[in-house]
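The values are calculated or read from the model by the stated rules, or taken from the named source; none is laboratory data. As the structure is a prediction and not an experimental result, all values here were calculated from the model. Positions of Cβ are backbone-derived with ideal geometry, glycine not excepted, and every protein chain shown enters the neighbour counts.
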Amino acid sequence: MLNRLLLVAAVLLAAGCGQKEKGFVNTGNYEFSGGTISREVLDNYLSRAVTQSGYLFSEGLPADSYYGTEDDARMLLNIGAKFIGRSIYVWMRAELFNNPDWLKNAKAKIEAYHAKDPDAIFQAALFEAIYKEHIEQVPIPEWVFTAFGLEPEKRNFRFDDMCVTSDPRFKDLWGKDTGVPDMTKTESQMWFYFMGVKYLEIGIEAFHCGQIDLICFNERDTYACFRKVQAMLREKAEAISRRGTILFDAHSTRGGAVVDGHHLLDFTSFPLRLREVLDEPLKATLQAGYLDSIIGRTLPGITPSGWYCDRLPYILEFDNWGHNPNPGKADHNHHSVWGYDEISWISLCDEAYQNWFFKYAVEYLRENDPVGFIQMPGARGTVDGRESTYRLNTASPACPTGHNGEETVKKLWKKY
């Protein structure tokens, strides 16, 4: 009789009866400290991630064309956002580091938000782009020289001492007199360390490092210099950040950065990489294996916090870069969706489809790759949208261009 019951149970289990619903369910635990974060807590944060570009910029001091508003804060608190992505960065305007009000105002914004939600993590970006005109306006503090064992001198950062020069494709990659910082060069290491420490001082607890395949182009097998700067910033975080921990991620076409079985990144990130539905204009789907999508192919290894994973957790975000030569037309040979970058694409979709897509994307990963999460588009610059900045906010006099997605995200997150 017992054997028959066991056999029935086995058949039911194989059929899926009684199994838990596929995918992740947030446990509400956001506690971490001492330089490490558990898998449970990391997943909780990634499941509540929002791209909120420039939220810590202040009026009159943006590094881009937008800044965080009071209504943005309201929206983030309303939906329960816990990981505020790309909240501060410089792409072009490195000289903002010379203005003490830029970081002072950002710190005040973090403190105001933490007064209402102390669990939230704010992320800064340490990008893969440098602009000669801007970066050469930034003086190198004595403490940066000292950290690298160099004799302090009075000078600014030197563009020509930072760029990747081993491949001509990197020259002027972002326009005239621009380049990619080469992590094998001390000047680039000093730049990343300088930015990182300045951000740690205002309360940042995560760094997005852009395209790691570019900044580590000359050390992609060892990542030795990148690891050196990482170690310096992790040590600094243990000393000065409020929870003694800093999280690193980057866009990696490899699905992570692993050396001797150890992950350099706490999690990885990548664009959605959507595939157009050819007979339905502006419709698109997620698909593992499409182009360089990382769905289903992040790497195994031991994370910086010491726990092993068969697949590194990741987030997919709505990328922005522009449009291809044929906006509005499908073309599977490009990293665009209907000719646009992903944030411009979603801004052009009608409201009902946008809200449908958020639910679809979350549930697609839950069913097909539960180590992945969707980073919702809270605010991000667009190229071809109906306005220059996409905002998830409910439209109101405080945010007349809001796309009315916040209640959908709030309900979705409450469900999962």
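Residues of the stretch 164-178 that are in contact with a helix residue (DSSP H, G or I) (Cβ under 8 Å, 6 or more places away or on another chain) and either under 11 Å from Ile215 (Cβ atoms) or loosely packed, with under 14 Cβ neighbours inside 10 Å (or both): Val164, Ser166, Asp167, Phe170. Filtering the stretch 175-204 to residues that are in contact with a strand residue (DSSP E or B) (Cβ under 7 Å, 6 or more places away or on another chain), hydroxyl-bearing (Ser, Thr, Tyr) and closer than 19 Å to Val144 by Cα leaves Ser188, Tyr199.
Residue by residue, here is whether (1) under 19 Å from Gly381 (Cα atoms); (2) of a type outside the set (A, V, I, L, M); (3) loosely packed, with under 14 Cβ neighbours inside 10 Å; (4) in contact with a helix residue (DSSP H, G or I) (Cβ under 8 Å, 6 or more places away or on another chain) holds:
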{"residue": "Phe267", "(1), (2), (3), (4)": "no, yes, no, yes"}
{"residue": "Glu276", "(1), (2), (3), (4)": "no, yes, no, no"}
{"residue": "Arg297", "(1), (2), (3), (4)": "no, yes, no, no"}
{"residue": "Asp310", "(1), (2), (3), (4)": "no, yes, yes, no"}
{"residue": "Trp345", "(1), (2), (3), (4)": "yes, yes, no, no"}
{"residue": "Leu348", "(1), (2), (3), (4)": "yes, no, no, no"}
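Selection over the stretch 131-163 of residues that are surrounded by 13 or more Cβ atoms within 10 Å (Cβ to Cβ), farther than 18 Å from Val197 by Cα and not aromatic (Phe, Trp, Tyr) gives a count of 9.
Scoring Phe318 on the criteria (1) surrounded by 18 or more Cβ atoms within 10 Å (Cβ to Cβ); (2) within 25 Å of Ile212 (Cβ to Cβ); (3) modelled with pLDDT under 95 leaves a single failure, condition (3).
The single condition from (1) among the charged types (D, E, K, R); (2) surrounded by fewer than 21 Cβ atoms within 10 Å (Cβ to Cβ); (3) assigned to a strand (DSSP E or B) that Asp249 fails is (2).
Looking at the stretch 121-160 only, could you name the residues that are assigned to a strand (DSSP E or B) and among the acidic types (Asp, Glu)?
Taking the stretch 121-160 first, the residues assigned to a strand (DSSP E or B) are 121-125, 130-131, 139, 156.
None - no residue of the stretch 121-160 is assigned to a strand (DSSP E or B) and among the acidic types (Asp, Glu), so the list stays empty.
Anything in the stretch 214-246 that is closer than 23 Å to Ile130 by Cβ, outside any loop (DSSP other than H, G, I, E, B) and not charged (D, E, K, R)? List them, or say none. Listed by number, the residues that qualify are Leu214, Ile215, Phe217, Asn218, Ala224, Cys225, Phe226, Val229, Gln230, Ala231, Met232, Leu233.
Screening Tyr364, Tyr290 for residues that are in a loop (DSSP other than H, G, I, E, B) and of a type in the set (Phe, Trp, Tyr) leaves exactly one candidate, Tyr290. Taking the stretch 105-125, which residues are surrounded by 14 or more Cβ atoms within 10 Å (Cβ to Cβ), over 14 Å from Ala73 (Cβ atoms) and out of contact with any Leu (no Cβ under 9 Å at 6 or more places or on another chain)? Scanning the stretch 105-125 gives Asp119, Ala125.
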